[in-house]
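What follows is a short report on a single structure.
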Amino acid sequence: MTAAATRVLFDEPGPRGRARIRIATVVGLLLVAGLVALALYQFYKNGQLGRSRWLAFAQPAYLGFLAEGIRGTIIATVLAAVLSFPLGVVLALGRLSRNGVLRRVSTWYIELFRSIPLLLLIYAFLLALPRYGINLPILWKLVVPIVLVNVAVLAEIFRAGILVVDQGQSEAAAALGLREGQAMRSVILPQAVRLVVPTLVTQLVALLKDSTLGYVVSYPELMKQAQNLTVYTHLLVQTYLIVAGIYVVVNLLLSRFAVWLERRVGSRTSSRATRGQAAEPEGVPQTMA
Amino acid sequence: MHVVTDNLGFLLGGLLVTLELTVLGFVGALLLGTVLAVFRVSPVAPLRWVGAVYVEVLRNMPLLTLLILVVFGLPDIGITFSLFTSAALCMAGFGAAFVCEAVRGGINAVSVGQAEAARSLGFTFTQSLRYVILPPAFRTMVQPLVNIFIGVVLGSSLASAVGVSELTNRTQVLNLQSAEAVVLFLVSGAIYLAIALLGGAAGGALERRVSGGRAR
């Protein structure tokens with residue numbers, strides 16, 4: 001990727017250019033080293049590098065506390081995924097339906113829920129709805145809003161998948177005497193779903209990020225557990241850096257997995273269909289929460 | 001509706017904070033993201049690494065985690081900003097990772113042959129950038145950038161979780177004082193919807209302008 005963009009902007013450097021690049025490389029390395037040193041010095045000056053402040057996290061009690069949080073994060077994420085993926089398919093079919101009312105309602109739903117912040121919805125479930133007698137358990141106050149918002153995003157993903165399946169497929173299904181619903185169920189959807197699997201994995205990253213809002217509803221997922229831990233230990237920077245590291249590593253692995261899947265899917269399905277998918281810039285989620 | 005009309009000033013003040021966060025965050029993200037994109041395509045290896053590490057870390061970190069690290073973590077190592085500044089810095093820093101990838105994607109979408117042709121014709125670096133590379137690159141970038149803008153609008157609501165008194169936060173505060181909870185949330189939701197739709201419409205208009213009537 002980098003090489004391609006570099007080739008667009010620059011010619012292959014000559015001897016003098018290469019010398020300049022070498023000098024810039026050394027200067028760049030020194031600058032990076034300087035920045036890292038500065039950051040470490042800030043930590044040191046404020047006494048945040050002390051051995052005990054980091055080794056504390058090797059204790060089983062601390063690890064267990066964070067592990068409990070990871071368990072909560074996994075439960076919330078998996079639950080949200082399991083609920084929103086099928087609902088996303090349904091909403092996508094609604095938006096593609098021939099029935100005008102159904103189509104319009106689905107479109108409105110998608111536009112609305114892609115444009116309001118998840119946190120606002122969570123506050124509504126947390127603070128407003130209980131007054132009208134709708135008082136869900138804490139886990140569901142987190143999961144239901146996540147599902148409501150993500151269904152809209154997923155519907156667009158599935159719709160894109162359905163639209164890139166070759167027209168000939170549904171014509172062939174019709175020629176074989178399949179009714180429209182049958183063709184969708186047994187011919188179009190299976191191919192569409194396979195095409196969007198990499199995007200669905202990317203969407204898992206978004207769901208995982210959304211689950212951090214458990215911090216707001218006091219559901220004990222990783223962020224909330226981290227906060228609870230800092231109340232006892234006061235190891236603030238350390239705890240949150242470790243937690244951030246966990247999120248980055250897990251999400252990085254998921255993103256890489258998505259790229260790998262995309263390459264595999266790309267080599268196995270008809271080229272026309274996959275072009276449309278591959279052109280999709282990887283990892284630009286709608287909700288940046 | 002009383003709760004809305006009685007507290008109109010309070011809510012509008014929150015909207016103003018949301019808009020400030022959005023504008024500062026998005027403009028900051030555009031600037032920093034472009035610099036990072038330059039880093040990522042530069043022939044100097046350490047700069048490329050800095051760009052790559054920045055993008056991978058920030059894109060994979062939940063925004064709330066970043067906000068909490070900056071707002072509550074930085075003071076622990078002796079760096080203190082005001083709450084609003086911290087939140088704006090987070091929005092800019094977070095958005096920049098996505099802007100960087102959008103800009104890089106735009107440049108990548110220009111075919112190498114066109115850039116080489118420009119250089120063979122004797123265009124200088126700036127000329128080929130100005131007349132050959134940037135116009136098509138920008139066309140590819142508009143849609144992702146609009147998505148990032150909406151992401152920043154919606155993301156700014158997370159600042160309320162660390163105590164910034166913006167629209168979402170004020171909605172929730174008013175909700176505790178009044179009995180008309182649902183109306184409040186509907187109004188706030190409608191405001192966010194309006195901002196997102198306006199942003200999308202502006203993006204669409206921009207896209208039509210830069211594509212110069214060409215069907216894309």
(Q) Show me the ranking of peptides A:177-186, B:102-111 by mean Cβ neighbours inside 10 Å, starting with the highest. (A) B:102-111, A:177-186
Q: Take the alpha-carbon positions of the stretch B:5-70, form their convex hull, and give its projected area averaged over all directions (one quarter of the hull surface) in nm².
A: 5.7 nm²
Q: May I ask which residue of A:135, A:265, A:145 lies farthest towards the positive end of the charge dipole of chain A, with charges of +1 (Lys, Arg) and -1 (Asp, Glu) on Cβ and the Cα centre as origin?
A: A:265
Q) Once the Cα gyration tensor of the protein assembly as shown is found, what semi-axes does its equivalent ellipsoid get, as square roots of 5 times the eigenvalues, in whole Å, sorted largest first? A) 35, 34, 23
Q | Calculated [θ] (222 nm, deg cm²/dmol) that DSSP helices of n ≥ 4 give over the protein assembly as shown, each run adding -39,500 (n - 2.57) | A | -25000 deg cm²/dmol
Q: With only Lys, Arg, Asp and Glu charged, each at its Cβ (+1 for the first two, -1 for the last two), find how big the charge dipole of the protein assembly as shown is about the Cα centre; round to the nearest 20 debye.
A: 1200 debye
Q. Using a Förster distance of 35 Å, how high is the FRET efficiency between residue A:256 and residue A:185, based on the Cβ-Cβ distance and rounded to 0.05?
A. 0.60
Q. Among residues other than residue B:201 whose Cβ falls under 14 Å from its Cβ, what is the net charge (Lys/Arg +1, Asp/Glu -1)?
A. 0
Q. Can you give the percent of C-alpha pairs in the stretch A:1-141 whose distance is more than 27 Å?
A. 64 percent
Q) For chain A, what log10 I(q)/I(0) values come out of the Debye formula at q = 0.10, 0.14 1/Å, with one point per alpha carbon and no solvent? A) -0.76, -1.12
Q: Among B:66, A:31, A:96, pick out the residue whose Cα is farthest towards the positive end of the charge dipole of the protein assembly as shown, where Lys and Arg carry +1 and Asp and Glu carry -1 on C-beta, about the Cα centre.
A: A:31
Q. Roughly how many whole Å is it from the C-alpha centroid of the stretch A:116-171 to that of the stretch B:122-180?
A. 21 Å
Q.
Explain nothing, just compute: Karplus ³J(HN,Hα) = 6.51 cos²θ - 1.76 cosθ + 1.60, θ = phi - 60°, for every residue of the stretch B:6-14 in order, whole Hz, x for Gly and Pro.
A. 5, 10, 4, x, 4, 5, 4, x, x
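None of the figures in this text is laboratory data; all of them are computed from the coordinates on show. None of the values given here were measured: they were computed from a predicted structure. All Cβ positions, glycine included, derive from the backbone under ideal geometry; neighbour counts span all protein chains shown.
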